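Novice: Structure incoming, see below.
The values are calculated or read from the model by the stated rules, or taken from the named source; none is laboratory data. Not measured: the values here are computed from a predicted model. Note that each Cβ is placed from the backbone with ideal geometry, even for glycine, and that neighbours are counted across all protein chains shown. What goes into the accessible areas is simple: the full protein's heavy atoms, side chains included, and nothing from ligands, DNA or RNA. Shrake-Rupley method; radii C 1.70, N 1.55, O 1.52, S 1.80 Å.
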Amino acid sequence: MKSIFLSCLLCLSAAPALAQSKSPAADALREMLKGRAKNTVAAIEAMPADKFEYKPTPDQMTFGHLAAHIAEANYYFCANVGDVPQPKVTELKGSEGKDALVAAVKSSFDFCGTALEKASDAKMSENITWFDDKPRTRVWAFLGLAASWADHYGMAAMYLRGNGLLPPTAKK
């Protein structure tokens, strides 16, 4: 409990520095990227290659498909947040094998680093075309990116635990 409290205090202590920025939301995403990339890639790497076809229930995606989905989502969200073109990459199916999927996830996070360098809160009210082909403001991409990183890592962590493995953030 004490470590959770200290983590919250450390998180709050960074808030004034972000608040003084001209792009505090973009700065927060750039800061979040470091830990989210590290932990998500580590989670994908932690799963044994023979478990990439694992899925907790018949209706859920396989772990390999989750890795492919993470890469695809990173490209989509980060391109929209940074207002940069989404790169043309080979479409992943999730069955490419561990090495290819780990490389794809790493590459997508590298792209996010480049794209987020161009992100600006001043562009949050601009329109983008969303998944449903309807216009939305760019702030949807800002919020969606942060939410997807949390959701995707949480899913990977549950898949690891389902195989008796500790996710990276649970290791001491």
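Novice: Applying the selection to the stretch 120-172, what residues are among the acidic types (Asp, Glu) and either farther than 25 Å from residue 24 by Cβ or open to solvent by 40 Å² or more (accessible area, probe 1.4 Å) (or both)?
Specialist: Correct list: 126, 132, 133, 151.
Novice: Need the failing condition index for residue 102 against (1) β-branched (Val, Ile, Thr); (2) touching a residue at least 60 places away in the same chain (Cβ under 8 Å); (3) over 18 Å from residue 46 (Cα atoms), just the number.
Specialist: It fails just one condition, (3).
Novice: Turning to a different aspect of this structure: How many residues does the stretch 120-146 hold that are within 19 Å of residue 71 (Cβ to Cβ) and of a type in the set (A, V, I, L, M, F, W, C)?
Specialist: Adding up the residues that qualify gives 4.
Novice: To continue, here is another question. Looking at (1) open to solvent by 30 Å² or more (accessible area, probe 1.4 Å); (2) at negative phi, can you tell me which one residue 80 breaks?
Specialist: Among (1) open to solvent by 30 Å² or more (accessible area, probe 1.4 Å); (2) at negative phi, residue 80 violates only (1).
Novice: For residues that are over 14 Å from residue 108 (Cα atoms) and open to solvent by less than 10 Å² (accessible area, probe 1.4 Å), tally how many sit in the stretch 64-77.
Specialist: Of the residues in the stretch 64-77, 1 are over 14 Å from residue 108 (Cα atoms) and open to solvent by less than 10 Å² (accessible area, probe 1.4 Å).
Novice: Quick test of your reading of the structure: residue 130 fulfils all but one of (1) at pLDDT 95 or above; (2) over 21 Å from residue 60 (Cβ atoms); (3) not acidic (Asp, Glu). Name the failing condition by number.
Specialist: Among (1) at pLDDT 95 or above; (2) over 21 Å from residue 60 (Cβ atoms); (3) not acidic (Asp, Glu), the lone unmet condition for residue 130 is (1).
Novice: Further question: Say whether the condition of being open to solvent by less than 40 Å² (accessible area, probe 1.4 Å) and part of a helix (DSSP H, G or I) is met by at least one residue in the stretch 86-99.
Specialist: The answer is no; no qualifying residue exists.
Novice: Would you say residue 149 is over 19 Å from residue 71 (Cβ atoms) and touching a Lys or Arg at 6+ places or on another chain (Cβ under 8 Å)?
Specialist: So residue 149 does not fit the description; no.
Novice: Consider only pairs whose beta carbons are under 8 Å apart and that are at least six residues apart or on different chains; among these, list those whose first residue lies in the stretch 69-91 and is farther than 19 Å from residue 28 by Cβ and whose second residue is open to solvent by less than 90 Å² (accessible area, probe 1.4 Å) and of a type in the set (Phe, Trp, Tyr).
Specialist: 75/111; 86/75; 86/76; 87/75; 87/111; 89/75
Novice: Give all pairs with beta carbons closer than 7 Å in which a residue from the stretch 19-43 that is more than 30 Å from residue 63 (Cβ to Cβ) meets a residue that is of a type in the set (S, T, N, Q); count only pairs at least 6 apart in sequence or on separate chains.
Specialist: Between residues of the stretch 19-43 that are more than 30 Å from residue 63 (Cβ to Cβ) and residues that are of a type in the set (S, T, N, Q), the close pairs are 23/120; 26/120; 27/21.
Novice: Which is outside any loop (DSSP other than H, G, I, E, B) and without any contact (Cβ under 8 Å) to a residue 12 or more places away in the chain, of 156, 115, 147?
Specialist: Just a single option satisfies the conditions, and that option is 147.
Novice: Taking residue 61 as meeting all but one of (1) open to solvent by 20 Å² or more (accessible area, probe 1.4 Å); (2) part of a helix (DSSP H, G or I), write down the number of the exception.
Specialist: Unmet for residue 61, out of (1) open to solvent by 20 Å² or more (accessible area, probe 1.4 Å); (2) part of a helix (DSSP H, G or I): (2).
Novice: While we're on this one: Identify, from the list 106, 55, 2, 51, the residue that is open to solvent by 70 Å² or more (accessible area, probe 1.4 Å) and either of a type in the set (Gly, Ala, Ser) or modelled with pLDDT under 95 (or both).
Specialist: Result of the check over 106, 55, 2, 51: 2.
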